[in-house]
Amino acid sequence: MLRFAGLFLLVILISTGTLVGQNAVITGRVTDSATKGPLPGVNVVADNITGVSTNANGQYRLEIKPGVHELVFSFIGYQSFKKTVTVSEGRHVKLDVSLRSKAVDLDVAVVTAGKFEQHLSDVTVSMSVMKPAFIENINTVKLDQALNFMPGLEVLDGQATIRGGGGYSYGAGSRVSVLIDGLPIMTASEGEVKWNFLPVENIDQVEVLKGASSALYGSSALNGIINIRTAYPGLKPETKISMYSGFYMEPERKELAWWWDNLPVFAGASFLHLQKFGRVDLVVGGNGYINQGYRTDNYDEQARVNLKFRHRPKKIKGFSYGLNTNM
């Protein structure tokens with residue numbers, strides 16, 4: 001009986017060794033094509049049947065049968081990578097892969113509603129978000145001109161009104177508060193906004209909360225909030241330069257053309273540079289504008305520079321400090 005049991009065990013061990021020997025092994029490392037850093041949690045699937053995930057170092061080990069197989073490397077926020085490999089019995093193949101990042105349209109995150117980040121779909125009050133692409137498409141130099149395109153919001157004579165609620169007369173004090181990165185920018189004397197002072201070239205998104213917010217932002221937010229969130233640099237350095245110019249045509253009544261031989265012109269330029277230096281974020285932007293105007297003595301000339309600096313200490317997780325200036 002013992003001889004029979006030993007013989008049976010020997011047969012099982014030999015069969016198992018034979019089966020293991022028939023498989024091929026594919027190993028490698030998955031990294032980010034831009035940063036060259038490892039990507040943990042990447043799905044490595046063979047023929048949509050079997051697969052593994054990369055470890056904390058971006059490494060993987062996959063055992064498959066000999067033959068031709070299609071490997072798919074996929075990860076959220078990155079372009080999927082497909083590779084056809086041919087492996088034979090007992091072979092060890094090494095395959096390193098670099099994945100390229102891609103833009104993913106996720107739910108918009110906002111902070112104005114509760115002073116903490118949450119998805120726009122989770123906000124229980126009426127709220128709208130304007131992205132910088134829209135501001136660039138309408139080619140405006142003042143944010144109040146872009147805000148007039150948002151439903152329920154109107155900026156008239158420098159005073160913002162949300163659903164009919166706002167200051168009743170110019171300089172009487174607004175009931176719609178305007179913020180930059182959560183800090184109010186209303187003037188202390190008249191409660192108005194200097195729209196020319198806002199960094200239009202450096203906007204990540206504009207959040208408009210339509211409703212009473214005095215409990216969080218004070219009495220000037222009785223009818224709503226306009227919160228302008230400025231941008232921080234991404235993984236890659238980014239530089240934007242924009243220039244524009246134009247002129248005023250002659251009116252039908254010649255006596256109204258006070259400019260004689262030369263048509264009045266307007267022109268401007270803006271720039272923005274965003275870049276990371278290790279654990280330091282740096283943003284530099286500026287804007288210049290000249291407008292001769294179509295009315296007598298209506299010459300306008302202005303220039304503005306904004307700087308944004310942030311440092312994230314390595315020893316204190318989740319802590320950062322910085323400096324924002326606009327002059």
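The values are calculated or read from the model by the stated rules, or taken from the named source; none is laboratory data. What you are looking at is a predicted structure, and each value in this text was computed from that prediction instead of being measured. Here the Cβ positions follow ideal geometry from the backbone for every residue, glycine too, while neighbour counts run over all protein chains shown.
Scanning region 30-75 for residues that are more than 11 Å from residue 97 (Cβ to Cβ) and of a type in the set (A, V, I, L, M, F, W, C) yields 34, 45, 46, 49, 52, 56, 62, 64, 68. If you go through region 68-82 and keep only what is assigned to a strand (DSSP E or B) and within 30 Å of the chain's Cα centre (by Cα), you end up with 72, 73, 74, 78, 81, 82. Of the strands (runs of 3 or more DSSP E) contained entirely in region 21-67, those carrying at least 2 residues that are within 16 Å of residue 86 (Cα to Cα) fall at 24-32, 43-46, 59-64.
Is it the case, given these coordinates, that residue 100 is charged (D, E, K, R) and within 28 Å of residue 272 (Cα to Cα)? For residue 100, the condition - charged (D, E, K, R) and within 28 Å of residue 272 (Cα to Cα) - is met.
Condition check ((1) closer than 24 Å to residue 133 by Cα; (2) assigned by TED's automatic domain parsing to the domain that holds residue 196; (3) buried (at least 16 other Cβ atoms within 10 Å of the Cβ)) across all residues:
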| site | (1), (2), (3) |
| --- | --- |
| 247 | no, no, no |
| 256 | no, no, no |
| 261 | no, no, no |
| 266 | yes, no, yes |
| 291 | no, no, yes |
| 303 | yes, no, no |
| 314 | no, no, no |
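Please work out which residue is modelled with the highest pLDDT, limiting yourself to region 83-108 and to residues that are surrounded by 13 or more Cβ atoms within 10 Å (Cβ to Cβ) and either assigned to a helix (DSSP H, G or I) or within 19 Å of the chain's Cα centre (by Cα) (or both). Here the answer is 101. With the condition kept exactly as written, say whether any residue in region 208-227 is surrounded by fewer than 13 Cβ atoms within 10 Å (Cβ to Cβ), of a type in the set (Lys, Arg) and in the same structural domain as residue 151 (by TED's automatic domain parsing). Scanning region 208-227, I find no residue that is surrounded by fewer than 13 Cβ atoms within 10 Å (Cβ to Cβ), of a type in the set (Lys, Arg) and in the same structural domain as residue 151 (by TED's automatic domain parsing), so the answer is no. Looking across region 268-317, the residues that are touching a residue at least 60 places away in the same chain (Cβ under 8 Å) and closer than 28 Å to residue 246 by Cβ come down to 268, 270, 271, 272, 285, 286, 287, 289, 302, 304, 306.
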